[in-house]
Amino acid sequence: MRTFGRVLLGSTAAAALLSSGCDGLWYHIENDCELMLTCEKYRGRGIEVVPSGCVPSEIDGAVDDVCGVFVASTGNDGGAGTRAEPVATLAEALRRAATNGTAAYACAETFEEAVEVPVGVKLFGGLDCANGWSWIGETAKTIVAPGEEAIALKVTRGEGTVRIEDVSVRAADAQAPGASSIAVLVDGAEVEFARCELIAGNGADGANGEDAPSEMPAQAPAGNAGTDACSDLDMSGGPDQTLPGGAQVENTCDGGALSIGGEGGDGKVNNGDTGQMGQTGVLGEGGSGEPAVGEWTCAANGTGQGGDNGTPGEAGLAASGLGTLSSSGYTGVSGGPGGAGKPGQGGGGGGGARGGAAICPGGVPGAGASGGSGGPGGCGGLPGQGGGPGGASIALASVEGKVTLQDCVLKAGSGGKGGAGGDLQPGGAGGVGGVGGLGVGGSKNACDGGKGGQGGNGGPGGGGLGGPSLAIAYRGEAVKQEGATMLQPGTAGTGGPGGSSNMTENAGMAGVAAMEQEFP
């Protein structure tokens, strides 16, 4: 059987042609589209439309203009697309090649554009356009280098096999926080690479998590003072028989959290009341009031108990895992935000005192001094936010694609560092207790309210995941490697430290460096 281009003739037909002297007319046969079945009417019928004479690495000299669209950096996108009048951009050459069902042929020059290759199209690089468009792909490649952050070359899903020969794809270093540098992304397509270089730049460092305010929340308000003995008159003009303790004081924090200082104990004629408990969390006990008989001092048990400090917020989770691979590229894992601190518990109210006989002016019995209310607890601190992930450096990313590499070199750069978690805000100070009222005529002073507890600190943000450095990242079918294909990963990015100097040791994990890495 004799092969004419990509059309096979039976031995009888071939012998007939040769005996009739057609062998010397082979060049004309190859360029006769009717005979070679490469005319427009044969497209889409399973007939290969790129004859063997149109593969630059398989022939001496230049391929013919009928083989496809030619592109040179000095060309014009309005040109005919021939060797004499090439177009200027790979995008235009590939568009025309897809429309015509032919191939694109590129000079061994640099094209500063991100390229999307249509399905079924062939791109042949490494041509010496200054010397008759001959193939020099073993020593010089066509370079695709956008020069700015972008996936340098992308192949989208669809019918037909894409073949790319003698092209060097070079992605620029990523610039935006957490952005990745990916040389080639294959999204569900079937692609063959021959003698190609796929080189990724460095991934960008992740963004740091937002810090909470460094200043603690405002101090909680003070408790209310108690009332002095004999200071109020009743409806008849005589001294009041009960003097209410200092009123409770509330402290409302961001998010609606509330802390309340306990009310002071009432002052009465024959005894003093116990102050109320403070509220929120573990309660601060109110101080006991003066009993009807017996010794009693505020120092012993009459002063309101101080409220407990609020609990701190939880630290944000440290970032871990691989990240995800999709048709849009790589996405890393951020650190978790911290939790808000809880308010301090309010202080207990101070105990009230008893009055007794003949203490008020005129010798009329009256109520003793009342206790001061407790101070409310301070507000909890706000949390730090999680650090962002570092960007990846990936030479080839295949998402549900079928990719074959033949005699190719894949090289990744460095993954970006994970961002640091945000710093926490310390909790606010509790309010001081209100002072107890003063005694008169030998009666005792009432007791002070207790101080509110300190608000809990906010939690620090977790550190972001370090960016991976991968020669091949794939989801689905593994990439097939043939010939002398070489894979060179770079250095993975370190994980970001946790917020507030990693005080809770919640730094993110480092990225992965590998020749091949499968993603779920």
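The values are calculated or read from the model by the stated rules, or taken from the named source; none is laboratory data. None of these values were measured; they are calculated from a predicted model. Note that each Cβ is placed from the backbone with ideal geometry, even for glycine, and that neighbours are counted across all protein chains shown.
Observations, loosely collected:
- If only residues of the stretch 388-425 that are among the polar types (S, T, N, Q) and more than 21 Å from Ala319 (Cβ to Cβ) are counted, the one that is surrounded by the most Cβ atoms within 10 Å (Cβ to Cβ) is Gln425.
- The residues listed here are Ala212, Ala218, Ala174; of these, the one that is among the aliphatic types (A, V, I, L, M), on the phi < 0 side of the Ramachandran plot, surrounded by fewer than 20 Cβ atoms within 10 Å (Cβ to Cβ) and modelled with pLDDT of 95 or more is Ala218.
- Across the stretch 496-510, the number of residues qualifying as assigned to a loop (DSSP other than H, G, I, E, B) and over 15 Å from the mean Cα position of the chain (by Cα) comes to 4.
- Strands (runs of 3 or more DSSP E) contained entirely in the stretch 153-226, each with at least 2 residues that are within 25 Å of the chain's Cα centre (by Cα): 153-155, 181-187
- Residues that are crowded, with 21+ Cβ neighbours inside 10 Å and touching a residue at least 12 places away in the same chain (Cβ under 8 Å) number at least 3 in the following strands (runs of 3 or more DSSP E) confined to the stretch 247-338: 258-261.
- Residue check for Pro239: surrounded by 22 or more Cβ atoms within 10 Å (Cβ to Cβ), modelled with pLDDT of 90 or more and in contact with a Cys (Cβ under 9 Å, 6 or more places away or on another chain): no
- Thr110 vs. criteria surrounded by fewer than 18 Cβ atoms within 10 Å (Cβ to Cβ), assigned by TED's automatic domain parsing to the domain that holds Arg157, within 17 Å of Val55 (Cα to Cα) and at pLDDT 95 or above: no
- Filter result for Gly467 (touching a helix residue (DSSP H, G or I) at 6+ places or on another chain (Cβ under 6 Å), farther than 30 Å from Pro361 by Cβ, in a loop (DSSP other than H, G, I, E, B) and not aliphatic (A, V, I, L, M)): no
- When the stretch 426-482 is limited to residues that are aliphatic (A, V, I, L, M) and more than 24 Å from Ile182 (Cα to Cα), the one that is surrounded by the most Cβ atoms within 10 Å (Cβ to Cβ) turns out to be Ala446.
- Taking every residue in the stretch 165-178 that is closer than 14 Å to Val409 by Cα and pairing it with any residue that is acidic (Asp, Glu) and modelled with pLDDT of 95 or more, at least 6 positions away or on another chain, the pairs with Cβ-Cβ distances below 6 Å are Ser168/Glu197.
- Of all the numbered requirements in (1) surrounded by 24 or more Cβ atoms within 10 Å (Cβ to Cβ); (2) small (Gly, Ala, Ser); (3) at pLDDT 90 or above, Gly366 misses one, and that requirement is (3).
- Taking each residue of the stretch 381-395 that is in a loop (DSSP other than H, G, I, E, B) and looking for partners that are buried (at least 24 other Cβ atoms within 10 Å of the Cβ) and among the charged types (D, E, K, R) with beta-carbon atoms closer than 6 Å, six or more apart or interchain, yields Gly384/Asp423; Gly390/Asp205; Gly390/Lys417.
- Checked against (1) touching a Lys or Arg at 6+ places or on another chain (Cβ under 7 Å); (2) without any contact (Cβ under 8 Å) to a residue 40 or more places away in the chain, Glu92 passes all but condition (1).
- From the list Glu149, Glu116, the one residue that fits, being surrounded by 18 or more Cβ atoms within 10 Å (Cβ to Cβ) and over 17 Å from Val63 (Cβ atoms), is Glu149.
- Strands (runs of 3 or more DSSP E) wholly inside the stretch 67-140 that include at least 1 residues being among the small types (Gly, Ala, Ser) and under 42 Å from the mean Cα position of the chain (by Cα): 103-107, 122-128
- Failed criterion for Gly441 (all others in (1) part of a strand (DSSP E or B); (2) at pLDDT below 95 hold): (1)
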